[in-house]
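To start, the structure under review is shown below, and the notes come after it.
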Amino acid sequence: MTGGSNGRPAAAVHLGITMGDPLGIGPEVVVKALAAWAADPDRPAVRWVVFGDAPRLEAVRARLAPALAWGVAEDEAAWADRPEPVVVVPGPAVDEPWGRISAAAGRAAYAYIQAAVAAALAGRLAGVVTAPIHKEAIHLAGVSEPGHTEILQQLTGARAVAMMLVGGGLRVAHVSTHVSLADALARVTPERIRAVTRMTLDALPRFGVTAPRVAVAGLNPHNGEHGLFGDTEDRVIRPAVEAMRAEGWPVVGPVPADTVFVRARAGEFDAVVAQYHDQGHIPVKLLAFDEAVNLTLGLPIIRTSVDHGTGFDIAGTGVARAESMLAAMRVAARLAGAPEPGRMEAGRPGGAV
């Protein structure tokens with residue numbers, strides 16, 4: 001690992017991982033990603049703390065990664081003093097079959113998130129990486145928020161948040177996410193575009209971007225063709241971008257959505273502000289389905305996540321792929337400033353993060 005100024009190895013950063021829905025592929029991708037991390041000689045200096053169902057995690061580890069070593073801390077107060085590189089903090093256990101939508105699993109997944117976020121807010125963790133939860137399961141558990149992003153906003157008290165996807169040479173922030181398309185159109189407002197652009201610009205330096213360039217995507221085909229296909233660009237998006245540019249923000253737009261991602265991937269822009277969920281998700285998932293990372297902007301803590309679901313159809317089979325979890329761990333380590341033996345590619349979107 002990288003040495004400190006006195007020649008001794010730099011201290012490791014503590015980062016948390018939440019296991020996600022106990023009955024989905026979360027336990028498997030967490031174990032597989034941790035095993036891959038441990039086998040990487042060039043890994044950053046991170047101490048991982050996993051919040052989850054300890055018996056289920058141990059069963060998965062014994063079956064899929066027996067060489068992976070970890071310890072178990074019976075409560076969160078004890079893990080900081082453990083010598084192991086990976087510590088599991090036991091949360092609610094769920095004794096039900098794989099692949100089932102369960103209120104008990106929803107409650108457990110929510111409890112893992114609560115514990116990890118509390119530790120991060122208290123400064124005991126530098127950030128949190130989350131495995132997937134099932135929206136119906138948490139709804140059955142009585143959680144009103146529709147997904148991770150909204151749960152994290154509520155738990156941290158963040159005033160405004162936004163989802164950014166990183167992968168395939170793209171960084172894409174979203175004006176709206178988990179709402180119907182009709183509701184998404186209503187959320188394209190100057191205030192929200194400005195807020196998401198501001199959060200995007202604030203995040204880019206942590207990726208090593210020193211002179212950021214952000215593009216705001218249009219909404220309608222060909223930017224509406226001056227009102228032929230809609231007037232949102234002329235009425236809302238362009239005035240918002242012009243106001244930001246007048247204040248010196250390095251932003252352009254609206255850029256037609258059918259070309260903006262090609263231009264961004266070519267290096268013309270460091271990030272794109274997409275207007276709704278699928279506009280931003282489709283290009284990233286097309287280019288990096290197994291390795292895309294979800295980053296929540298606007299939180300007082302670092303949070304990255306896999307960009308896939310609970311995979312109930314393959315849960316417990318051992319075939320789930322862990323690339324997205326491993327990528328989320330790497331991005332969290334980079335954003336947290338974990339000491340690295342070699343510098344990751346930074347700056348333009350084609351780099352490692």
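Among the residues of the range 146-186, write down those that are among the basic types (K, R) and either buried (at least 18 other Cβ atoms within 10 Å of the Cβ) or closer than 24 Å to A264 by Cα (or both). Within the range 146-186, R171 is the sole residue that qualifies.
Considering only the range 88-129, state which residues are assigned to a helix (DSSP H, G or I), of a type outside the set (G, A, S) and surrounded by fewer than 17 Cβ atoms within 10 Å (Cβ to Cβ). Can you show your working first?
Of the range 88-129, the ones assigned to a helix (DSSP H, G or I) are 103-121.
Subset that is of a type outside the set (G, A, S): 107, 110, 112-114, 117, 121.
Of everything in the range 88-129, those that are assigned to a helix (DSSP H, G or I), of a type outside the set (G, A, S) and surrounded by fewer than 17 Cβ atoms within 10 Å (Cβ to Cβ) turn out to be Q114, L121.
Being closer than 30 Å to I151 by Cα, modelled with pLDDT under 95 and not aliphatic (A, V, I, L, M) holds for only one residue in H226, H174, H178, H222, and it is H178.
Restricting to the range 303-322, what's the tally of residues that are surrounded by fewer than 24 Cβ atoms within 10 Å (Cβ to Cβ) and within 26 Å of M199 (Cβ to Cβ)? Selection size over the range 303-322: 2. Among the criteria (1) at positive phi; (2) touching a residue at least 60 places away in the same chain (Cβ under 8 Å); (3) not assigned by TED's automatic domain parsing to the domain that holds A257, the one G168 does not fulfil is (3). If the condition is being more than 19 Å from H308 (Cβ to Cβ), at pLDDT 95 or above and not aliphatic (A, V, I, L, M), then the range 111-138 contributes Q114, G127.
Return the only residue of G230, G224, G253 being touching a helix residue (DSSP H, G or I) at 6+ places or on another chain (Cβ under 6 Å) and either assigned to a loop (DSSP other than H, G, I, E, B) or β-branched (V, I, T) (or both).
G230
Just need a number here: residues in the range 26-66 that are part of a helix (DSSP H, G or I), within 22 Å of the chain's Cα centre (by Cα) and either buried (at least 23 other Cβ atoms within 10 Å of the Cβ) or among the polar types (S, T, N, Q) (or both). First the steps, then the outcome.
Keep residues of the range 26-66 that are part of a helix (DSSP H, G or I), which gives 26-39, 54-64.
With the extra rule that they be within 22 Å of the chain's Cα centre (by Cα), the set shrinks to 26-38, 57.
Next, only the ones that are either buried (at least 23 other Cβ atoms within 10 Å of the Cβ) or among the polar types (S, T, N, Q) (or both) stay: 26-34, 57.
Residues meeting the conditions: 10.
Any residue in the range 77-87 that is in contact with a Phe, Trp or Tyr (Cβ under 8 Å, 6 or more places away or on another chain), of a type in the set (F, W, Y) and buried (at least 24 other Cβ atoms within 10 Å of the Cβ)? Scanning the range 77-87 turns up no residue that is in contact with a Phe, Trp or Tyr (Cβ under 8 Å, 6 or more places away or on another chain), of a type in the set (F, W, Y) and buried (at least 24 other Cβ atoms within 10 Å of the Cβ). Screening A266, A288 for residues that are more than 19 Å from A203 (Cα to Cα), outside the structural domain of V29 (by TED's automatic domain parsing) and in contact (Cβ under 8 Å) with a residue 40 or more places away in the chain leaves exactly one candidate, A288.
The set of residues in the range 68-84 that are touching a helix residue (DSSP H, G or I) at 6+ places or on another chain (Cβ under 7 Å) and either over 17 Å from A118 (Cα atoms) or not assigned by TED's automatic domain parsing to the domain that holds P41 (or both) comprises L68, V72.
The values are calculated or read from the model by the stated rules, or taken from the named source; none is laboratory data. Source: prediction; values computed, not measured. Note that each Cβ is placed from the backbone with ideal geometry, even for glycine, and that neighbours are counted across all protein chains shown.
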